[in-house]
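Below is one structure, written out as structure tokens, with a few remarks after it.
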Amino acid sequence: MIFQMIKKQFLQFLRNPVEILLLIGLPIILITILGNALGNLIDGGEVDLTFKLALIEHEDEALQVENFVTELGSGDLPDEVITEIAAIAESLAPIETFKEVLHSEELNDMIIVEEAYARELDAIKADDSYATIIEFPKNFSADVLENILLDGEMNPEVIIHYKAGSEIAGNIIQQIVTMYQEEYTLGTFLGNNGIDPQQLQKMGTESKQEVSSASLHEPVSAKAYYTIGMIVMNVLFMATTIAQYAFRERQSHIFNRMIIADFSRWVYFIGILLNALIFAWIQALFVYIFAYFAFDVIWPNLPDFLIVTCFFTLAVGGLAVLLTAISFRSNSEQIISFFSGVVVTIFAFLGGSFFPSGTGSFLQKLGDYTPNGAAMSAYLSILRGETIADNIDHLVFIACFAIGAIIIGVISYPKRGAAS
Amino acid sequence: MLELIDITKKYKQTKAVKNMNMYIEKGEIVGLLGPNGAGKSTAISILSSLLEPTSGDVKFENKSMIKNPKSLRQIVGIVPQEIALYEDLSAEENMKFFGRIYRLKGKTLKNKISEVLEQIGLTDRRKDIVKTFSGGMKRRLNIGVAMLHDPEILIMDEPTVGIDPQSRNYILQTVKRLNKDRQMTVLYTSHYMEEVEYLCDRIYIMDKGNLIASGTKDEIKQILASENTISLKADHWNERFITNLRENPQIHQMKVDGNEIVLVVSKDVNIFSKLAHLAEEANVQLRAVDVKQVTLEDVFLHLTGRALRD
Ligand SMILES: Nc1ncnc2c1ncn2[C@@H]1O[C@H](COP(=O)(O)OP(=O)(O)O)[C@@H](O)[C@H]1O
Ligand SMILES: [Mg+2]
């Protein structure tokens, strides 16, 4: 009996290509648009963010270090101290270290570093292919060394130029320089005072480890983010679609026909639940499979992914019966239109379907109390390589939502004899 | 075999059916006649166990069906006023679906579908999507779906609304044939008195939730035995003539319909000279004056002062 309901629903979908296009095509289009348009907010580089950086040293570093050491010799320091400082000075080489940072694995993909001579500066400034220029002024390294090793008062500064339209690149470089400066001075300061930097890290173990364990996971690409975002949003439309079909069955008296045939109204209710659940599954799976091939959204742990899908589609089923029951009771489609027109948008917004609301933010916490938001958090976490065990709270919420919706649905479902 | 006993159905503001009594015997075609909003569909819904009455009882073979309508549901087929079909499915898919809902299976279902398709004349359109059907074809399928489980009683709610005359005739013939060949009991609802007059043995007439007349055709027409229905024709009427007619105490009912005026008058009055006099006085040229055969329409006009279809 229930199978008949599913079969008939399947046939109806099959004969309504527009409906299919809306349910499956629309999320795919949205993923493509949002993944590209808003992608760099998330990826910081999936969309072409590579830029060219010109690096200009006004004076050779090796020469500066050499001069620095020579000057030490002319002072009144004991010989052992001079050799020791000289050794440290050579190993410190601030400009060299900075270049290493730029060539590090994380930045290598994004920044193309080209070293240039000071006399080329004007030409480079005129060349639009360079987004930023870093100048190390004369005596920079020597001043840094003096500052660190001899407690000098010098305040050597790096000059950063960036061109109009390259604010993002400029910003990134600025941050790298600041970070570098802080680390440099802190690290050297500690070393200077005989404190092993390793030691300090151990002291702050707890907070540090959390950060590092999070960064161990795979980052989620913009396309993957929006694949999940759009699926959890658009699958909600399956609930409204199924409820709409059910309401039409009632309007056209097909429902009455079934009741007259002694078809249990509760079997019908379960049929609606299963229809929404099954077709939400198919809808989600379609888009996920498409995303697998088109956007490289690959699930590291398939069973966990499927478990989240099961829970979420159950919630969709719950929503479908709830909407059906209310529309039957109120004898009006309004609740369904309201849900698909207003509530889904709010849920999608809160749940983070359009943009990430930031880990731990109020919005994100609120979003986790929407079925789609909770599912999205669980999906994202599993995509990053976490497991179901890390998402029990989300699954519990989704299950509670589903059960709650079903119970309210049962209560509001009109009993026999109500107006037809 | 099926009765409504003192049924009342209240909706929030309206009383759709008031203290209605009705019975249907095996093998009859019973007509339920009334204008839109009379309460026919409500009465039928109660009769077929879809709707619980506010008060009163529904009895099938002397057992109350209000609490447990199972035995009734198995033998009743209902043709709703609406086209209760899946527009996106083919005729055959619809029949399969509803057949399965009636727990028919396999070969039995298949044979039954072919048989019913034959009866409703849709055999060559069986594979076509209902959406592509004409209004008449949809109506026929709407009836066919209600016959799959071989019901003993077929309850039809205005099955000919909004269709072409051919389809309408086809449906009327089919109902007659089902009743004759298979002793199918039929409750036929309509606001077309010709249909009811043609099909039915016994008739109930409803208006505004009240049963205003019931009985065989002849019995109902007897209501007008003491009266005549007279039809007047002229090229045009004037206000004065109509007012005069209206104010005449011997004329019980009147209806102006284009260049025809239908009057219900007492039989023993010699009204003809009176009418001629009134016409002359108002300067109206009468083209024809006829005494009409009593129709159910006249009965309705007589009982309610309104035409069946306004
Ligand atoms: N579900 C309902 N809620 C409120 N009023 C209704 C409902 N169904 C019918 N009615 C009212 O009851 C009266 C009878 O309606 P109905 O039985 O459909 O008449 P008919 O079938 O003779 O046209 C109408 O006035 C109609 O407006
Ligand atoms: Mg009706």
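The values are calculated or read from the model by the stated rules, or taken from the named source; none is laboratory data. Owing to the predicted nature of the structure, the values given are computational and were not obtained by experimental measurement. FYI the Cβ positions are ideal-geometry reconstructions off the backbone, even for glycines, and counts take in every protein chain you see. Areas reflect the complete protein model, heavy atoms only, side chains present, ligands, DNA and RNA absent. Shrake-Rupley method; radii C 1.70, N 1.55, O 1.52, S 1.80 Å.
Some points to look at:
- Across chain B, the mean sequence separation of Cα contacts (distance under 8 Å, 6 or more residues apart), normalised by length, yields a relative contact order of 20 percent.
- Exposure rank, largest accessible area first [B:Arg202, B:Arg240; 1.4 Å]: B:Arg240, B:Arg202
- Relative contact order (%) - criterion: Cα under 8 Å, at least six apart; region: the range B:1-137: 20
- Applying 1/(1 + (r/R0)^6) with r as the Cβ-Cβ distance of B:Thr132 and B:His236 and R0 = 60 angstrom yields a FRET efficiency of 0.80.
- Residue order for A:Arg15, B:Arg168 - accessible surface, 1.4 angstrom probe, largest first: A:Arg15, B:Arg168
- With all protein chains modelled, accessible area of B:Arg246 [1.4 Å, Å²]: 150
- Principal axis dimensions, the protein assembly as shown - Cα atoms, whole angstrom, descending: 151, 62, 46
- Separation in nanometres of the label points that stand 7 Å from Cα toward Cβ, at A:Asp109 and B:Glu61: 7.8
- For the protein assembly as shown, share of DSSP beta bridges that run antiparallel, in % to the nearest 5: 60
- Model label zone, A:Lys365; criterion: amide N under 20 Å from point 7 Å along Cα-to-beta-carbon; scope the range A:321-351: A:347-351
- Paramagnetic reach from B:Lys26 (point 7 Å along Cα→Cβ, amide N under 20 Å) across the range B:71-114: B:71-78
- Separation in nanometres of the label points that stand 7 Å from Cα toward Cβ, at B:Ile75 and B:Arg287: 5.4
- Once the Cα atoms are used to define both axes, helix B:165-182 deviates from the longest principal axis of chain B by about 60 degrees.
- Length-normalised contact order for the range B:156-310 - Cα pairs under 8 Å, 6+ apart - percent: 23
- Sorting B:Met156, B:Met137 by solvent-accessible area of protein heavy atoms yields B:Met137, B:Met156, largest first, with a 1.4 Å probe.
- Using the Cβ-Cβ distance between B:Asn19 and B:His277 with R0 set to 41 Å, the FRET efficiency works out to roughly 0.35.
- Listed cross-link partners B:Lys208/B:Lys274; B:Lys15/B:Lys67; B:Lys40/B:Lys138 are compared with a 26 Å cut-off, the Cα-Cα value being larger for B:Lys208/B:Lys274.
- Computing FRET efficiency as 1/(1 + (r/R0)^6) for A:Phe3 and B:Glu194, where r is the C-beta to C-beta distance and R0 is 60 Å, gives about 0.85.
- Rough spin-label spacing in nm, given labels placed 7 Å along Cα→Cβ, for B:Thr54 and A:Leu63: 10.6
- Karplus-derived 3J(HN,Hα), 6.51/-1.76/1.60, for each residue of the range A:239-256, Hz, glycine and proline x: 4, 6, 4, 5, 4, 5, 4, 5, 5, 5, 4, 6, 4, 7, 6, 5, 4, 4
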